[in-house]
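These notes concern the structure reproduced below.
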Amino acid sequence: DHEEVPWKHGQMATPNSAALTLYRSILRLHRSLSSDLRTLGDAYVKNEFRLHRSATPDQTREFMRQWKDYHDRLGLLCDEKTIGRSLEPGEESKLTREQRESLDRFKPT
């Protein structure tokens with residue numbers, strides 16, 4: 001199935017195919033996460049790629065490097081086991097204000 005691509009052809013400063021391949025590969029890796037983490041991770045990835053669609057070449061190189069590193073680390077973890085879990089009752093109340101705000105931004109509506 002086709003994922004929504006958060007940029008249009010030619011908007012990123014690197015070859016579009018490399019960014020698209022990385023983007024899709026990260027979303028595929030997220031399938032190994034718990035449903036809560038997958039929802040959060042997918043929303044975050046889509047948002048980040050959308051925000052960086054008009055980045056400068058230097059910014060894009062760093063952006064792609066960091067997301068490739070994330071992809072590789074997550075791939076190693078996913079090879080070992082399914083990662084992530086839902087929050088236990090009461091755990092959300094222990095999050096900092098900043099953590100709760102981040103979580104709220106990516107929760108499905």
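Here are some notes:
- Looking only at residues of the stretch 5-46 that are of a type outside the set (A, V, I, L, M, F, W, C), over 13 Å from the mean Cα position of the chain (by Cα) and outside any helix (DSSP H, G or I), we find that the one that is modelled with the lowest pLDDT is THR14.
- Scanning the stretch 45-74 for residues that are among the aliphatic types (A, V, I, L, M) and open to solvent by 80 Å² or more (accessible area, probe 1.4 Å) gives a single hit, LEU51.
- Hey, GLY84 touching a helix residue (DSSP H, G or I) at 6+ places or on another chain (Cβ under 9 Å), modelled with pLDDT under 85 and either surrounded by 14 or more Cβ atoms within 10 Å (Cβ to Cβ) or under 26 Å from SER17 (Cα atoms) (or both) or not: yes
- Pairing residues of the stretch 66-77 that are among the hydrophobic types (A, V, I, L, M, F, W, C) with residues that are in a helix (DSSP H, G or I), at Cβ distances under 7 Å and at least 6 apart in sequence or on separate chains, gives TRP67/LEU22; TRP67/ILE26; LEU74/LEU29.
The values are calculated or read from the model by the stated rules, or taken from the named source; none is laboratory data. Treat the numbers as computed from the prediction; the structure is a model and nothing was measured. FYI the Cβ positions are ideal-geometry reconstructions off the backbone, even for glycines, and counts take in every protein chain you see. Just so you know, the surface numbers come from the protein's heavy atoms only, side chains and all, with ligands and any DNA or RNA stripped out. Shrake-Rupley method; radii C 1.70, N 1.55, O 1.52, S 1.80 Å.
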